[in-house]
Amino acid sequence: MNLVKHKAGRRFSILPYLLIAPLVLWLILTIFIPVINVILESFKNTTYVGTKGENVGLANYKSVLTDAAYWKSWGKSLIWVVGCTILQTILGFSVALLVRGNKRIQKIAKNWMIIPWIIPTIVVGIMWQWIFNGSYGILNKMLMSLNLISKPLNLIGGKGSMLTLIFINVWHWFPFTAVILLAGLATIPKELYESASVDGAGGLRKFLHITLPGLSNITFALGVVGTLWCFNIFDIIWTLTSGGPLDTTTTVPIYIYRGAFKSFKIGRTSAASVLTSLILLVFAIIMIRATKPKEE
Amino acid sequence: MKKLLAKALKIIICLLLTILIIFPFYWILISSFKSGDTILVPDLWPVKWTLIHYKELIGITNYLSALRASIIVAVGTMIICLIIVLLASYALYRFDFKGRSLFERIILITYIFPSILLVVPVYNVMVKVKLIDSPLALIIMNVTFAAPFCVWLMRGFFKAIPISLDESAAIDGAGKMAVLYKIIIPILKPGIATIVIYSFISSWTEYTFASILVSSEVNKTLPVALHAIMGQYTVRWGHTTAGAVLTILPILVAFTFIGKYFISGLTEGAVKE
């Protein structure tokens, strides 16, 4: 092995670089090259993939920035991310706090609850399409036989599609949130709660002053990673509504996918991708600064 | 009395949540065994059981070819992931070298990078390097999205192995690579299970890139094929529910055996970050 003296007493070894090289090269080839490609394409008027576009300067950016549909899709994405995150957190918290008291239930929940998260989105879509379907779904049939509604609700494809999609996605993701929260809760020392009880603190005060601060070490995992992953979700929307009806569920990912593979505007969609990345980057930096656990 | 009421409420909420999680699974499973003329009737239990949908799914749809494609892509993703993740996390969590935190950061950025922003350029690049419509294109991208998260998951597993073990092996004359093979990998079995299951599942469930990077029937993976079966004008619910059941079956079986390692890896990684 090639060993060179490095710093005082610390030997320089090439080995760690060789070990990490395959992964880093892989990521450079599959992420950084496409990123360069998308930046270059964003200045061209390429239409179909494989055709060559000409340089059009900033025209694509101008076109995207002035496109009401692009900003509308950001609005939808915002509703999507905020709606999903809030519901997931509430549901995840409820589950985590509910099962925490009982060791056996907690173990079962921790190991099995995650299942909705690991099944393919397309199957999640099929399951809920099958339950929610307007003409033969079991939900409508049940609500009608209970006389709660007089005619079937069009839950997927109707006006409230966004809400339905959020519900379905929360079903898909809240187990993940709950498992991470359970792990975070487990790191909070029991003595804190005991001494708070001695001091006469109630449930709510314990939650606000012990539980929430104690979870600060997972707010990064849930806050930054969770939000960006949620923003990125495409398949459940595409397979169930394709962004419709009337664009009510066209989030940014749908806007981009459609622009490239349905409207065949590669150049313009590349500009939209670059702009979206920049906005998300700013968001990520702010979030990382805000949620970073204090260095000890 | 108040305590009893609170407990009853707790049990009711637990039950409701359990039903919420389990019912969709139950409902497609049960529906897939109903005969064609009763499948649209929402009976909670089939009037008569049939395997016709499974027979047709295997016989007349492209389910088997999609299953084959999915297995090829998932196994390929899994093997590559396992190798490069083990090597990289050994470097990251066992060596002190210049640029370590920079590499860690590059890997971190990749796993929070929204993949949807890559669909257009990845498609462009794959066309240029003539990998479009090849299972290899899917394997390549699945590794990209699974590997960084796997490295993150490995952190806790490496921390749990005392460095003194490495050191005593080194004193006995073992080289750094021998330490990896002889000491770390045998203890790291739960970690390896985590990589295997995560990379397999993330490849098995991937839809977005699979829907654009491959186009011929033989290369279509299960999620894409299922979407096609479901997306026809009149949805064949028999095929769709049977296909959904067979698509999640391998995942559930795998998860039953190594799921607990996966959960512990997931939670270790999340808490320590």
Elements of type helices (runs of 4 or more DSSP H) in the range A:97-160, at least 2 residues being in contact with a helix residue (DSSP H, G or I) (Cβ under 9 Å, 6 or more places away or on another chain) and open to solvent by 30 Å² or more (accessible area, probe 1.4 Å): A:103-112
Tally time: how many residues in the range A:33-57 are more than 18 Å from B:Ser115 (Cα to Cα), open to solvent by less than 70 Å² (accessible area, probe 1.4 Å), more than 9 Å from every other protein chain (Cβ to nearest Cβ) and hydroxyl-bearing (Ser, Thr, Tyr)? 2
If you go through the range A:67-88 one residue at a time, do you hit one that is open to solvent by 30 Å² or more (accessible area, probe 1.4 Å) and either within 12 Å of another protein chain (Cβ to nearest Cβ) or touching a strand residue (DSSP E or B) at 6+ places or on another chain (Cβ under 9 Å) (or both)? no
Scan the range A:15-32 residue by residue and report those that are within 30 Å of the chain's Cα centre (by Cα) and either away from every other protein chain (no Cβ under 11 Å) or open to solvent by 40 Å² or more (accessible area, probe 1.4 Å) (or both). A:Pro22, A:Leu25, A:Trp26, A:Ile28, A:Leu29, A:Phe32
Could you please find all residues in the range B:16-47 being more than 11 Å from chain A (Cβ to nearest Cβ), among the hydrophobic types (A, V, I, L, M, F, W, C) and not in a loop (DSSP other than H, G, I, E, B)? B:Ile19
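Given the criteria at pLDDT 85 or above, open to solvent by 20 Å² or more (accessible area, probe 1.4 Å) and on the phi < 0 side of the Ramachandran plot, does B:Val235 qualify?
Values: at pLDDT 85 or above: no; open to solvent by 20 Å² or more (accessible area, probe 1.4 Å): yes; on the phi < 0 side of the Ramachandran plot: yes.
No, not satisfied.
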Which numbered condition trips up B:Ile60, out of (1) under 16 Å from B:Val235 (Cβ atoms); (2) within 12 Å of chain A (Cβ to nearest Cβ); (3) open to solvent by 30 Å² or more (accessible area, probe 1.4 Å)? (2)
In the range B:194-224, residues that are of a type in the set (A, V, I, L, M) and within 12 Å of the chain's Cα centre (by Cα) total 4
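The values are calculated or read from the model by the stated rules, or taken from the named source; none is laboratory data. What you see is a predicted model; the values in this text were computed from it and never measured. Ideal geometry is used to build each Cβ from the backbone, glycine not excepted, and the neighbour counts take in all protein chains shown. Ligands, DNA and RNA are stripped out before the accessible areas are found, and what is left, the full protein with its side chains, is counted by its heavy atoms. Shrake-Rupley method; radii C 1.70, N 1.55, O 1.52, S 1.80 Å.
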